[in-house]
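Read through the structure below, which is laid out as structure tokens, and then see the notes.
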2 protein chains.
Amino acid sequence: MRDVARAAGVSAMTVSNTFKYPERVQPETRQRVLEQALELGYVPNLMAGNLAAGESRVIGGTIPSIRNSSFYKYVLGMQRAVSEHGYKLVLMLADTMAQERAAVEALIGLRVAGLVLVGTDHDRLTVSLLGKVGLPVVESWTRGPVMDMGVGFDTSEATRQAVRLLLREGRRRVALIIHDGPASRRFVERIPAFQEEMARAGLSGDLVHAVPVSDGFGSGAAALDALLASAPDLEAVICPTDIVAAGVVFECQRRGIQVPKQLAVAGWGDYEIGREMTPQLTTICPRSEIMGSQAIELLVERVQGRIRGPRLADTGFTLIERASTQQVMAEAAT
Amino acid sequence: MRDVARAAGVSAMTVSNTFKYPERVQPETRQRVLEQALELGYVPNLMAGNLAAGESRVIGGTIPSIRNSSFYKYVLGMQRAVSEHGYKLVLMLADTMAQERAAVEALIGLRVAGLVLVGTDHDRLTVSLLGKVGLPVVESWTRGPVMDMGVGFDTSEATRQAVRLLLREGRRRVALIIHDGPASRRFVERIPAFQEEMARAGLSGDLVHAVPVSDGFGSGAAALDALLASAPDLEAVICPTDIVAAGVVFECQRRGIQVPKQLAVAGWGDYEIGREMTPQLTTICPRSEIMGSQAIELLVERVQGRIRGPRLADTGFTLIERASTQQVMAEAAT
DNA sequence: GGCGGTCATTGTAGCGCTACAGACACAGGT
DNA sequence: ACCTGTGTCTGTAGCGCTACAATGACCGCC
């Protein structure tokens with residue numbers, strides 16, 4: 001900074017102001033400073049700046065995996081919102097709670113202005129740490145209870161709507177596939193909603209099967225295999241993601257089971273593949289991008305002191321009905 | 001830090017050492033400090049630390065999009081390698097050159113130890129800036145020429161191998177689909193290799209069609225449409241990604257074109273969908289995870305002064321032959 | 001008993017920047 | 001001539017930490 005100041009014939013403070021408060025310095029002076037900065041390859045040291053100012057315009061986020069296209073849109077939403085507010089978004093990967101804890105510590109170490117985490121399953125230490133440092137935190141993909149603020153939609157209601165759709169189409173023997181494993185507890189929430197809705201129709205909600213996240217399409221094949229073994233009269237499945245649903249459909253094609261005629265398949269997440277494959281997948285669209293931007297909005301408002309206390313934003317969902325669950329005329333329509 | 005020091009009855013320096021050089025302080029003292037830190041929710045301020053020490057253990061990365069599963073593995077590889085070396089990885093999204101420039105500036109501002117960028121297409125200012133600050137940079141998914149260091153594989157050779165495979169299977173009318181748009185210039189490299197290899201077999205290499213990245217599966221349908229319009233006798237297509245290849249296959253299913261019998265379809269990237277769909281996709285496997293970890297290895301070695309000067313690591317590729325291009329017995333084998 | 005060596009711990013200076021208060025020039029009003 | 005205000009620029013102190021040198025305390029050895 002000193003070099004730039006000298007080169008431009010001004011004081012260090014003027015260089016600082018040029019970058020932080022451009023309107024405080026005269027256009028010509030600013031111009032001269034910027035030219036010299038460019039010439040010398042000077043980029044203000046954010047670390048020193050934030051240290052001195054005691055605040056940062058960086059928001060941290062952890063993402064459990066970048067495999068899914070829902071997360072893609074979710075991150076896009078966050079990115080768009082941070083840009084609009086003049087913040088930066090830095091992301092760290094966290095597939096396990098231990099990794100999440102390490103990521104959160106690093107981000108606190110960077111003294112980010114706020115944090116966006118996925119879900120409500122966190123290490124005890126992570127939670128107590130966040131409580132102590134008092135950093136604004138948004139938990140996404142959840143309806144709570146949250147540490148501080150949350151964004152998400154009602155997955156129980158979404159599950160119930162999916163069940164009702166299948167029942168309306170005349171299916172009786174309906175199964176629910178979920179994911180299990182350390183980072184997947186959020187799928188478990190869907191079970192009671194599924195069972196309640198089945199019970200309300202006088203049906204059994206015992207066909208629940210869990211598969212690991214990591215197997216992707218393969219999970220669909222495995223789940224179908226297991227479900228058909230215990231229920232050969234299976235008529236419909238609700239999958240944890242469109243990926244699994246696609247896996248189920250592909251496996252049906254291999255086995256000669258007709259979808260949707262013999263088996264209705266509902267997905268979750270409105271992935272691209274669901275729109276493109278044949279038959280197209282019925283799915284729950286989570287409006288991930290809005291969830292991402294909403295998370296940032298909450299954070300920014302909190303940082304700016306415009307809101308305080310716990311918040312929980314409902315970003316809604318849509319049940320998109322497509323060919324994979326439609327009993328009648330499904331093939332004729334193509 | 002002072003509070004922790006007071007609470008543990010030691011000096012601030014001892015607290016600092018406890019975190020930065022645990023072996024320098026006696027186990028009991030260390031224990032006492034760590035307890036107090038946990039109690040008070042103290043996390044060392046990385047910014048102040050890095051500022052004082054003049055170095056950081058953070059590596060920055062930009063990713064153009066987190067839509068693809070190749071990038072998923074690539075990022076996983078980087079993450080694994082940074083953990084092994086005691087570094088942190090912070091990621092920023094950059095879909096356009098302008099966004100990349102902003103991300104690079106922010107990361108330089110954070111005074112990261114090194115940077116991993118995707119591809120060699122960068123804003124002029126980004127390149128000159130990186131040159132001036134002298135930060136170690138790895139460009140990935142490329143064979144150069146690079147600013148500093150690079151990792152990647154020979155996409156021309158991969159293209160040639162794909163063409164040869166199709167010719168061996170007896171296809172003559174072969175098309176190449178690529179992506180275009182600002183962030184996709186790397187696909188263009190494949191064109192000369194395609195045309196050369198076709199010419200070598202005495203065939204025309206004029207069937208080259210570009211589609212936008214953003215349309216996903218839809219690009220496949222669009223490309224097939226355009227190609228069939230100009231060449232109804234089309235026998236094979238090489239796609240820029242497995243997503244596009246899947247889109248082509250889905251479109252063929254809609255139109256009643258048999259794959260691979262009437263049309264051979266080769267993908268690129270070894271995405272999950274290519275293994276799971278029917279027919280399975282022939283594809284170029286880029287070994288993305290190794291590319292990610294190799295990028296970090298280069299950076300760490302450079303930072304530690306064990307290597308200097310330009311580097312270009314070849315992480316190789318594999319041509320995986322599956323049903324979507326096999327002329328004979330393709331259906332009988334299922 | 002004095003000396004060097006080792007080890008745990010501690011002061012001090014300074015990393016690069018910004019908040020804040022002050023300085024200085026100039027305009028306009030009285 | 002004096003004051004007030006405005007707009008632009010500058011000096012100083014200090015953000016939280018670490019490098020480095022320095023301080024003791026203790027040990028073993030001649």
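The values are calculated or read from the model by the stated rules, or taken from the named source; none is laboratory data. Source: prediction; values computed, not measured. Methodologically, a virtual Cβ is constructed for each residue, glycine included, from the backbone with ideal geometry; neighbour enumeration extends over all protein chains shown. In case anyone asks, the SASA skips ligands and DNA or RNA and just uses the protein heavy atoms, side chains included. Shrake-Rupley method; radii C 1.70, N 1.55, O 1.52, S 1.80 Å.
Worth a mention:
- Restricting attention to the range A:249-271, the residues being outside any loop (DSSP other than H, G, I, E, B), in contact with a helix residue (DSSP H, G or I) (Cβ under 6 Å, 6 or more places away or on another chain) and at pLDDT below 95 number 2.
- Of the residues making up the range A:41-88, those that are within 7 Å of chain B (Cβ to nearest Cβ) and aliphatic (A, V, I, L, M) are A:Val43, A:Leu46, A:Met47, A:Ala48, A:Leu51, A:Ile66, A:Val75.
- Residue in the range B:122-134 that is surrounded by 19 or more Cβ atoms within 10 Å (Cβ to Cβ), at pLDDT below 95 and away from every other protein chain (no Cβ under 13 Å) present: yes
- Residues that are within 14 Å of chain A (Cβ to nearest Cβ) and at pLDDT below 90 within the range B:8-33 comprise B:Phe19, B:Lys20, listed in sequence order.
- Residue match in the range B:76-99 (condition: small (Gly, Ala, Ser), touching a residue at least 60 places away in the same chain (Cβ under 8 Å) and either away from DNA strand C (no atom under 16 Å from the Cβ) or more than 18 Å from B:Gly114 (Cβ to Cβ) (or both)): yes
- Members of the range B:171-196 found to be over 19 Å from B:Ala222 (Cβ atoms) and open to solvent by less than 10 Å² (accessible area, probe 1.4 Å), listed by number: B:Arg171, B:Ala193, B:Phe194
- Of the residues screened, B:Glu55 is not one that is open to solvent by 50 Å² or more (accessible area, probe 1.4 Å) and more than 16 Å from DNA strand C (Cβ to nearest atom).
- Options B:Ala52, B:Ala7, B:Ala12; residue that is out of contact with any His (no Cβ under 8 Å at 6 or more places or on another chain), outside the structural domain of B:Ala94 (by TED's automatic domain parsing) and more than 8 Å from DNA strand D (Cβ to nearest atom): B:Ala7
- Leading residue by the ranking (nearest to A:Leu115 (Cα to Cα)) among those in the range A:1-50 that are hydrophobic (A, V, I, L, M, F, W, C), open to solvent by 40 Å² or more (accessible area, probe 1.4 Å) and touching a residue at least 12 places away in the same chain (Cβ under 8 Å): A:Leu46
- Residue within the range A:102-110 that is open to solvent by less than 50 Å² (accessible area, probe 1.4 Å), in a loop (DSSP other than H, G, I, E, B), within 22 Å of B:Asn45 (Cα to Cα) and not assigned by TED's automatic domain parsing to the domain that holds A:Tyr271 present: yes
- Looking across the range B:97-115, the residues that are over 21 Å from B:Leu51 (Cβ atoms) and at the interface with another protein chain (Cβ under 10 Å from one of its Cβ atoms) come down to B:Gln99, B:Ala102, B:Ala103.
- Considered as a group, the residues in the range B:207-248 that are acidic (Asp, Glu) and part of a helix (DSSP H, G or I) include one that is farthest from the other protein chains (Cβ to nearest Cβ), and that residue is B:Asp225.
- A:Leu91 being within 20 Å of the chain's Cα centre (by Cα) and at the interface with another protein chain (Cβ under 7 Å from one of its Cβ atoms): yes
- For A:Gly205, the test of being within 25 Å of B:Met277 (Cα to Cα) and touching a helix residue (DSSP H, G or I) at 6+ places or on another chain (Cβ under 6 Å) is failed.
- Options A:Gly205, A:Gly181; residue that is touching a Pro at 6+ places or on another chain (Cβ under 6 Å) and more than 29 Å from A:Glu301 (Cβ to Cβ): A:Gly181
- When the residues of the range A:143-156 are filtered to those that are touching a Phe, Trp or Tyr at 6+ places or on another chain (Cβ under 9 Å) and of a type in the set (Val, Ile, Thr), the one that is surrounded by the most Cβ atoms within 10 Å (Cβ to Cβ) is A:Val151.
- Failed criterion for A:Met78 (all others in (1) at pLDDT below 90; (2) not in a loop (DSSP other than H, G, I, E, B) hold): (1)
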